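Report on the following structure.
The values are calculated or read from the model by the stated rules, or taken from the named source; none is laboratory data. The shown structure was predicted, so the numbers you read here are calculated from the model rather than taken from an experiment. Counting neighbours? That spans all protein chains shown, and the Cβs are built from the backbone with ideal geometry, glycine included.
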Amino acid sequence: MTTQPDAPRICMVGSCNIDLIARVPRLPGPGETLIGTRFQMGFGGKGANQAVMAARLGAKVSVVAKVGRDIFGQDTLKNFEKEGIDTTYFMFDDERFSGVAPISVDEVTGQNSIIIVPGANDGLSPADVRNAAPAIQGAQLVICQLEVPVETTLEAFRVAKEAGVTTILNPAPAAPLPDELLALTDVCAPNEVEAEMLTGVKTDSTEGAEQAARALQARGPKTIVVTLGARGALVVEGDSPAEFVAAEKVQAVDSTGAGDSFVGSLAYALAAGRSLGDAVRMSCAIATRSVLKPGTQTSFPYREEVMGIVG
Ligand code: RIB
């Protein structure tokens with residue numbers, strides 16, 4: 001897809017993995033060997049997924065990321081190029097292998113369990129980010145997750161805020177967050193499990209999710225968007241009352257990457273100047289579409305397929 005000259009500009013600083021996905025009759029227990037029914041290998045990594053989703057909607061996306069000097073790394077580069085993503089600051093690590101993620105998907109419920117072996121993602125350093133500062137400074141919005149070292153994410157947000165660039169943090173997988181990182185975050189978008197792990201507040205009800213969001217908000221970000229899986233999302237902005245956005249009920253085939261589809265869409269919509277409520281409604285609808293197909297990036301729609309949602 002050709003991006004328009006006035007397309008929203010987004011920089012993703014974060015992870016790339018190759019997903020090794022097995023469909024299984026149910027998720028395995030400890031010590032159990034299960035026979036899977038299907039195997040799929042594809043491009044993944046929360047950062048890469050979010051970058052690809054935003055690019056498919058029409059954003060001009062650049063990535064600051066690191067892979068190994070192996071076939072997975074080469075293929076990841078080709079995939080970004082195919083998606084029209086700027087790879088000026090896509091780097092290769094001479095010692096580490098590319099990140100991989102063995103994933104089991106329950107073929108009945110579409111739910112998954114994911115293991116991440118970060119490999120070269122761990123080699124993305126604050127110095128790499130400083131070197132890539134022009135990509136961040138030239139964007140309207142930067143998105144980060146927690147699959148690269150937290151000091152690297154922190155450096156990305158320092159560069160972004162010095163340049164007046166909006167920051168979105170998807171704190172996944174959940175990990176202790178330095179106060180400075182949250183202070184530099186404009187929009188924090190955890191899922192309900194991450195919100196609970198970060199705050200200690202139970203998020204199994206909408207009220208609980210709001211309490212967790214308010215606890216995160218007290219640490220810095222003005223805006224919190226908690227994704228609630230099949231239920232939808234909860235939006236907390238400043239002192240305004242929380243808004244619950246319900247997702248359409250569908251029969252999920254594979255939920256892998258749905259959260260990334262949401263965050264990539266949210267980044268696109270906010271950089272395009274949409275209101276927060278509108279951006280979250282659009283992102284929920286697109287993420288819902290993504291659970292209807294198997295795989296990670298393979299399930300993300302292109303702009304042409306969601307014109308009714310994007311408008
Ligand atoms: O959110 C899904 C992603 O998590 C997968 O693509 C996997 O690589 C892990 O990063």
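Residue-by-condition table, conditions (1) surrounded by 19 or more Cβ atoms within 10 Å (Cβ to Cβ); (2) over 18 Å from Ala271 (Cβ atoms); (3) not acidic (Asp, Glu):
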position	(1), (2), (3)
Ser125	no, yes, yes
Asp128	yes, yes, no
Ile136	yes, no, yes
Leu141	yes, no, yes
Gln145	yes, no, yes
Glu151	no, yes, no
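Checking the conditions here, which among Ala215, Ala242, Ala252 is among the aliphatic types (A, V, I, L, M) and either crowded, with 23+ Cβ neighbours inside 10 Å or touching a Gly at 6+ places or on another chain (Cβ under 7 Å) (or both)?
Checking each option against the conditions leaves just Ala252.
Which members of the range 130-159 meet the condition of being in contact with a helix residue (DSSP H, G or I) (Cβ under 7 Å, 6 or more places away or on another chain) and in contact (Cβ under 8 Å) with a residue 60 or more places away in the chain?
Ile136, Gln140, Leu141, Val142, Ile143, Cys144, Gln145, Glu147, Val148, Thr152, Thr153, Ala156
Within the range 36-79, count every residue that is surrounded by 24 or more Cβ atoms within 10 Å (Cβ to Cβ) and closer than 20 Å to Pro134 by Cβ.
Result for the range 36-79: 11.
If you go through the range 278-287 one residue at a time, do you hit one that is buried (at least 22 other Cβ atoms within 10 Å of the Cβ), within 16 Å of the ligand (Cβ to nearest atom), touching a residue at least 60 places away in the same chain (Cβ under 8 Å) and closer than 29 Å to Lys202 by Cβ?
Among the residues of the range 278-287, at least one is buried (at least 22 other Cβ atoms within 10 Å of the Cβ), within 16 Å of the ligand (Cβ to nearest atom), touching a residue at least 60 places away in the same chain (Cβ under 8 Å) and closer than 29 Å to Lys202 by Cβ, which makes the answer yes.
Looking at the range 87-107 only, could you name the residues that are buried (at least 17 other Cβ atoms within 10 Å of the Cβ) and within 13 Å of the ligand (Cβ to nearest atom)?
Listed by number, the residues that qualify are Ser98, Gly99, Val100, Ala101, Ile103, Ser104, Val105.
Filter the range 298-311 down to the residues that are surrounded by 18 or more Cβ atoms within 10 Å (Cβ to Cβ) and part of a loop (DSSP other than H, G, I, E, B), then identify the one that is nearest to the chain's Cα centre (by Cα).
Phe300
Does Ala65 count as under 16 Å from Asn121 (Cα atoms), within 16 Å of the ligand (Cβ to nearest atom) and not hydroxyl-bearing (Ser, Thr, Tyr)? It would help to see each step written out before you state the result.
Values: under 16 Å from Asn121 (Cα atoms): yes; within 16 Å of the ligand (Cβ to nearest atom): yes; not hydroxyl-bearing (Ser, Thr, Tyr): yes.
Considered against the rule, which asks whether it is under 16 Å from Asn121 (Cα atoms), within 16 Å of the ligand (Cβ to nearest atom) and not hydroxyl-bearing (Ser, Thr, Tyr), Ala65 comes out as yes.
Identify the residue in the range 8-33 that is within 10 Å of the ligand (Cβ to nearest atom) and more than 24 Å from Lys161 (Cβ to Cβ) and, among all such residues, is nearest to the chain's Cα centre (by Cα).
Ranking the qualifying residues of the range 8-33, first place goes to Cys16.
Mind telling me which of the residues Arg38, Arg9 ends up being among the basic types (Lys, Arg) and in contact with a Leu (Cβ under 9 Å, 6 or more places away or on another chain)?
Arg9
Mind checking whether some residue in the range 115-123 is under 22 Å from Pro190 (Cβ atoms), within 18 Å of the chain's Cα centre (by Cα) and surrounded by fewer than 17 Cβ atoms within 10 Å (Cβ to Cβ)?
Within the range 115-123, one or more residues are under 22 Å from Pro190 (Cβ atoms), within 18 Å of the chain's Cα centre (by Cα) and surrounded by fewer than 17 Cβ atoms within 10 Å (Cβ to Cβ).
For the range 191-297, please list each of the helices (runs of 4 or more DSSP H) lying entirely inside it that holds at least 1 residues being in contact with a strand residue (DSSP E or B) (Cβ under 8 Å, 6 or more places away or on another chain) and modelled with pLDDT under 95.
Details: elements: 192-199, 206-217, 258-271, 276-290.
Of the helices (runs of 4 or more DSSP H) lying wholly inside the range 191-297, those with at least 1 residues that are in contact with a strand residue (DSSP E or B) (Cβ under 8 Å, 6 or more places away or on another chain) and modelled with pLDDT under 95 span 206-217.
Can you tell which of Gly84, Gly110, Gly47, Gly36 is in contact (Cβ under 8 Å) with a residue 12 or more places away in the chain, within 14 Å of the ligand (Cβ to nearest atom) and assigned to a loop (DSSP other than H, G, I, E, B)?
Gly110
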